[in-house]
Each structure stands twice: as structure tokens, then as C-alpha cells.
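Engineer: After the C-alpha cells below, expect a handful of questions from me.
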Amino acid sequence: MSEEIRLEVKEGWALLVVDRPKQFNAFNTGIVEEMDRLLDQVEANKDIRCLVITGSGEKSFISGADIGQMGSDGYTPADAHYLITCGYKVYNRVESLNIPVIAAVNGYCLGGGLELAMCCDIRICSANAKFALPEINLGIIPGWGGTIRLPRIIGEGRAKDMIYRGKKIDSATALNYGLVTEVYEDVASLRAGAEALAAELASKAPITMEMDKKMVNRSMFTHNDLLDSLCLSYCFTTLDSREGISAFLEKRPAKFEGR
């Protein structure tokens with residue numbers, strides 16, 4: 001078990017924190033492996049209805065892969081291949097979780113850090129956040145889906161501008177591009193905002209939330225009217241849909257149970 005990444009289970013949601021502040025929360029093989037194990041815990045705990053991912057401290061969300069580790073003596077191409085394939089698996093797991101995932105970006109969000117944030121459903125950040133895929137400056141390409149996800153989120157032209165140049169953008173530009181949905185004045189207000197958003201999402205009907213996420217993710221590749229109708233029909237079979245409609249008619253907050 002790594003002490004450099006941890007899962008904190010809250011009421012209805014969970015917080016996953018990368019805690020390597022001296023390394024700007026850079027990922028190494030151990031961090032990626034431990035994240036995979038922590039995602040097992042998230043999936044097994046049905047009381048967790050939302051996940052927030054962030055970095056410790058105020059300077060960095062995740063600054064990407066640990067270049068120091070990759071450049072050390074004895075680090076082989078096989079080691080690099082393992083880190084890449086393991087990371088790809090973990091990132092895809094984050095994207096395909098049945099619950100919403102929030103990236104609370106505090107500071108630098110570079111390389112693999114930005115690629116992880118793009119696997120999340122919602123990205124919010126502090127005003128000091130910086131975003132980039134700088135891999136071209138190292139003579140490599142983004143290895144964890146950045147060339148695929150970034151164009152989907154901000155558009156082909158802007159994505160190429162960032163990727164080809166290794167261009168770094170600030171929080172205001174990220175908001176303008178649609179890379180983030182909200183910018184907070186500082187890290188403290190970001191964390192409070194992430195907690196409030198997680199609690200709000202956790203209060204929604206979990207089955208419907210899962211269907212919404214599946215449909216939005218699928219729509220990035222293709223639209224399927226039949227799948228739309230099947231998912232909506234399924235939602236109407238749940239007790240949560242009855243509760244939601246009843247609560248609306250009775251002008252009271254709904255209490256969803258995931259049934």
C-alpha cells in the first residue's frame with residue numbers, strides 16, 4: 001500500500017488524494033497501481049455515489065508522470081511500457097465508473113495529470129491552475145489518451161495548438177475553452193466547492209445518474225435512439241423515479257435510494 005495516494009470516504013461520496021507534494025504530485029508506477037486498488041474499493045462501496053480526485057497542497061493537481069523515475073538508471077523500455085499500459089487501464093476505469101467523477105484541479109495539471117482530469121466527468125479548478133500536454137518537448141506523445149480526449153472537449157483546432165506546441169494555458173483560458181466549468185479564487189474555496197458539488201451529485205438518483213453518464217459517454221462516439229429509449233424506459237421501472245415524481249408533486253426534496 002502506498003502512502004502517497006489515499007481514499008477518504010465521506011457521507012455519500014469519496015475523495016481520492018495524490019499526496020506527493022515534493023514531486024508536484026507526479027505519478028509513478030506505485031501510485032498508478034495503488035489507484036487501481038483504490039478504484040476497486042470505490043466500486044465495491046455502493047454508498048459512494050460520487051468521487052472527487054485532487055492533489056495535496058496548493059501548487060499541483062498532478063504534474064504528470066515522474067520524469068525523475070523515468071530518467072533514472074535501470075529504468076528500461078519494459079518499465080515504461082508497463083507504466084503506460086497500467087496507466088491507460090486505470091484512466092479508462094476512472095472514465096467508465098458508474099458514478100460521476102470530479103477533478104478538483106489545484107495548481108499544475110500537466111501531461112498525465114491533464115489526461116486524468118479529462119477522464120473525469122466534471123473539471124473545476126483554482127485560479128492558479130495551469131494546464132498543458134508538454135510531452136512534445138520531451139520527444140514523446142501523450143500516452144494516456146490525451147490526443148483522443150482533448151479534441152473532444154475543446155475542439156480539434158485548440159487541441160492541436162496545445163499538443164503541437166506543448167502550450168500551457170491558465171485557468172481563465174481553460175474556462176473559455178470549456179476544459180473546466182468553474183474557477184475558484186483559491187484552493188480553499190475550490191475544495192469547499194468540490195465538496196458541495198460532490199454532495200449535490202451524490203443526492204441524485206444513482207441509477208439515473210449512471211444511465212446519464214453512459215449515454216453522454218456513448219454520444220461522443222455515436223447516437224443511438226434505441227439505447228436512449230431503453231435507458232429511459234428502464235429508469236421508469238425504478239423506485240427512485242417514483243420517488244422523484246412524487247417529491248416534485250409534493251414540493252419536497254426527493255430521497256433516492258438507488259432502487
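The values are calculated or read from the model by the stated rules, or taken from the named source; none is laboratory data. Only a predicted model underlies this, so the values are computations on that prediction, with no experimental measurement involved. When we count neighbours, we look across all protein chains shown, and the Cβ atoms used for this are built from the backbone with ideal geometry, even at glycine.
Engineer: Picking from 72, 2, which residue would you name as being at pLDDT below 90, in a loop (DSSP other than H, G, I, E, B) and surrounded by 13 or more Cβ atoms within 10 Å (Cβ to Cβ)?
Structural biologist: 2
Engineer: For region 162-175, does any single residue satisfy the condition of being outside any helix (DSSP H, G or I), over 30 Å from residue 86 (Cα atoms) and hydroxyl-bearing (Ser, Thr, Tyr)? Before the answer, list the steps.
Structural biologist: Restricting attention to region 162-175, the residues satisfying the condition of being outside any helix (DSSP H, G or I) are 166-170.
In the following step, the residues that additionally are over 30 Å from residue 86 (Cα atoms) were identified as none.
Checked region 162-175: no residue is outside any helix (DSSP H, G or I), over 30 Å from residue 86 (Cα atoms) and hydroxyl-bearing (Ser, Thr, Tyr).
Engineer: When the residues of region 98-116 are narrowed to those that are touching an Asp or Glu at 6+ places or on another chain (Cβ under 7 Å) and either of a type in the set (S, T, N, Q) or assigned to a loop (DSSP other than H, G, I, E, B) (or both), which ends up surrounded by the most Cβ atoms within 10 Å (Cβ to Cβ)?
Structural biologist: Across region 98-116, the extreme among qualifying residues is 106.
Engineer: For a quick check of your reading of the model, give me the residue pairs whose first member lies in region 13-29 and is farther than 13 Å from residue 87 by Cβ, whose second is among the basic types (Lys, Arg) and buried (at least 19 other Cβ atoms within 10 Å of the Cβ), with beta-carbon atoms closer than 7 Å and at least 6 apart or on different chains.
Structural biologist: 13/49
Engineer: While we're looking at this one, here's another question. Give the residue that is modelled with the highest pLDDT, with candidates limited to residues of region 200-259 that are assigned to a loop (DSSP other than H, G, I, E, B) and among the polar types (S, T, N, Q). Working first, answer last.
Structural biologist: Applying the first criterion (assigned to a loop (DSSP other than H, G, I, E, B)) to region 200-259 yields 203-205, 220-224, 236-238, 250-259.
Filter again for among the polar types (S, T, N, Q), leaving 203, 222, 224, 237-238.
Working: 203: 95, 222: 54, 224: 52, 237: 73, 238: 78.
Filtering first and then ranking leaves 203.
Engineer: When the residues of region 44-63 are filtered to those that are more than 17 Å from residue 194 (Cα to Cα) and either hydrophobic (A, V, I, L, M, F, W, C) or under 15 Å from the mean Cα position of the chain (by Cα) (or both), which remaining residue is modelled with the highest pLDDT?
Structural biologist: Taking the candidates together, the pick is 44.
Engineer: Specify the residue that is nearest to residue 15 (Cα to Cα); the eligible residues are those in region 155-199 that are under 17 Å from the mean Cα position of the chain (by Cα) and loosely packed, with under 15 Cβ neighbours inside 10 Å.
Structural biologist: So the residue we want is 196.
Engineer: Further, regarding this structure: Can you go through 91, 82 and tell me which one is more than 25 Å from residue 182 (Cβ to Cβ), of a type in the set (Phe, Trp, Tyr) and outside any loop (DSSP other than H, G, I, E, B)?
Structural biologist: 82
Engineer: On to the next question. Would you confirm whether any residue within region 140-158 is out of contact with any helix residue (DSSP H, G or I) (no Cβ under 7 Å at 6 or more places or on another chain), in a loop (DSSP other than H, G, I, E, B), charged (D, E, K, R) and more than 28 Å from residue 47 (Cα to Cα)?
Structural biologist: No, region 140-158 contains no residue that is out of contact with any helix residue (DSSP H, G or I) (no Cβ under 7 Å at 6 or more places or on another chain), in a loop (DSSP other than H, G, I, E, B), charged (D, E, K, R) and more than 28 Å from residue 47 (Cα to Cα).
Engineer: Looking at (1) assigned by TED's automatic domain parsing to the domain that holds residue 49; (2) touching a residue at least 12 places away in the same chain (Cβ under 8 Å), can you tell me which one residue 196 breaks?
Structural biologist: So residue 196 meets the others, but not (2).
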